[in-house]
Structures are given as structure tokens and as C-alpha cells.
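The values are calculated or read from the model by the stated rules, or taken from the named source; none is laboratory data. For clarity, every value in this text was computed on a predicted model and none was experimentally measured. All accessible areas refer to the heavy atoms of the entire protein, side chains included, with ligands and DNA or RNA removed. Shrake-Rupley method; radii C 1.70, N 1.55, O 1.52, S 1.80 Å.
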Amino acid sequence: MADDGQADPQTRRAAIADELRRLEESAMYSAQTQFETAKHWRGVHLMMGIPTSLLAAVAGTTALVESTGRIAAGILALVSAGISAVMTTVNAPQRMSHATGCANAYLEVQTAARQARTVDLPVLPVDEARGVLAELTARRDEQNRAADPPGRRAYRRAQANIGRGGQTYAVDRGPEVPGRETAEPSTTP
């Protein structure tokens with residue numbers, strides 16, 4: 001180690017690579033969790049929207065067809081209006097859209113971190129690589145502030161999805177991919 005207190009470039013480069021891996025992993029879990037959250041809100045919207053529409057249709061039909069069914073039609077209309085009010089308050093479509101947007105932003109950070117680590121880091125000067133890491137960290141942190149906190153179920157489902165290889169590209173699985181040539185791994189950091 002030099003007397004000026006600076007770590008040697010190889011040590012700094014390895015530390016930057018480790019941080020980029022951590023950033024990738026963090027973004028991967030955050031993206032998958034937000035996708036699971038979006039699925040949840042889509043389900044809520046469908047589970048409330050379909051019955052609401054059906055109840056309104058049955059209420060209208062009952063009111064038009066039977067003069068004695070006015071009370072039943074009124075009750076069905078009130079139930080439909082109540083569910084519709086809950087749907088408006090919950091705002092599942094907007095929550096689904098927000099979670100999907102956050103998930104995609106996390107995927108952007110994940111992809112940029114992986115590319116910086118695997119493609120750029122070996123050739124970038126250490127100070128520039130550190131700048132790239134700082135910029136990607138800032139993007140991830142900003143996205144963390146924008147994203148709604150996910151539920152425990154979404155996190156568990158995201159973990160299961162990642163565990164099953166839901167974030168693994170075919171090229172990363174190895175030489176068994178048809179048409180892929182194997183290359184010797186580089187020994188340079």
C-alpha cells in the first residue's frame with residue numbers, strides 16, 4: 001500500500017466490483033418485489049371490478065324486468081355502489097401502474113450496474129468507475145424514495161421467483177445453451 005493512504009487500483013477496482021454486485025442484487029430484489037406488488041393490485045382491481053360490474057348489470061336488469069324486484073334491484077345497486085366506492089378509494093389501477101414503473105426503473109439500475117461491472121469496469125480508470133458507482137447508487141436511492149413499501153407477501157413471492165431462476169438469462173446459465181460458444185473466463189478484474 002502506498003504511503004499516501006490510497007488503496008492500490010486493483011483493490012479499489014475489486015471493491016467497486018463488489019459494490020456493483022450488491023447494487024445489482026438490491027435492484028433485482030426490489031424490481032421483483034415491485035412486480036409482485038403490481039400483480040397484487042391487478043388482482044385486487046379484477047376481484048372488485050368484475051363483481052361490481054355484474055351486480056350493477058343484475059340490478060339494472062332486475063329493475064327493468066320486474067316491478068316487484070325493485071327492493072332487490074335497489075340492494076344490488078347499493079352493494080355495487082359501495083364496492084365501486086371502495087375501488088375508487090383503493091385506486092388499484094394507479095397503484096399497479098406505479099409499482100410497474102418502479103419495477104422497471106429498478107431493472108434499469110440492475111442492468112446498468114451489471115454492464116458497468118462486466119463491460120466497463122475492466123477498462124475504466126478507477127476514479128471514473130467510482131463515479132459510475134456513485135451515479136447508479138444515487139439512481140437506486142432515488143427509486144427507493146419513490147417506490148411504495150411492498151408487503152411481506154410480495155417480498156416472499158419475489159424471493160421465490162428469483163430462487164427459481166426468474167432473473168437468470170440463458171447466457172448466464174452456461175455452455176448448455178445451443179449455439180453458445182464457451183470462452184475462457186478473464187483473469188483481469
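Surface listing: Met47, Met28, Met96 arranged by accessible area from highest to lowest gives Met47, Met96, Met28, probe 1.4 Å. Ranking Ser80, Ser26 from most to least accessible surface, computed with a 1.4 Å probe over the protein chains only, gives Ser26, Ser80. Taking a ≥ b ≥ c as the square roots of the eigenvalues of the Cα gyration tensor, the stretch 114-159 is classed as oblate, since a/c reaches at least 1.5 and a/b does not exceed b/c. Heavy-atom accessible surface of the chain, averaged per residue, reaches 64 Å², computed with a 1.4 Å probe. When the helices in the chain are scored as -39500 (n - 2.57) per DSSP H run of 4 or longer and the sum is shared across all residues, what 222 nm value do you end up with, to the nearest 500 deg cm²/dmol? Computed ellipticity for the chain at 222 nm equals -26000 deg cm²/dmol. By its C-alpha gyration tensor, with a ≥ b ≥ c as the square roots of the eigenvalues, how is the stretch 79-126 shaped: rounded for a/c under 1.5, else prolate for a/b larger than b/c, else oblate? Cα axes put the stretch 79-126 in the prolate bin. Using only Cα coordinates, the Kirkwood hydrodynamic radius of the chain works out to 20.6 Å.
Computed extension gain for Ser97 through Val65, at 0.36 nm per residue and net of the alpha carbon distance, reaches 7.6 nm.
The C-alpha radius of gyration of the stretch 40-88, expressed as a fraction of 2.2 N^0.38 Å, stands at 1.24.
Across the protein chains, with a 1.4 Å probe defining accessible surface, the residues Leu46, Leu64 rank Leu64, Leu46 from largest area downward. Multiplying the residue separation of Asn144 and Arg12 by 0.36 nm and removing their Cα-Cα distance gives an extension gain of 44.9 nm. Considered as an equivalent ellipsoid built on the Cα gyration tensor, the stretch 9-120 has semi-axes of 53, 9, 7 Å, the largest given first. Of the whole protein surface, Arg12 contributes about 70 Å² of accessible area at a 1.4 Å probe radius.
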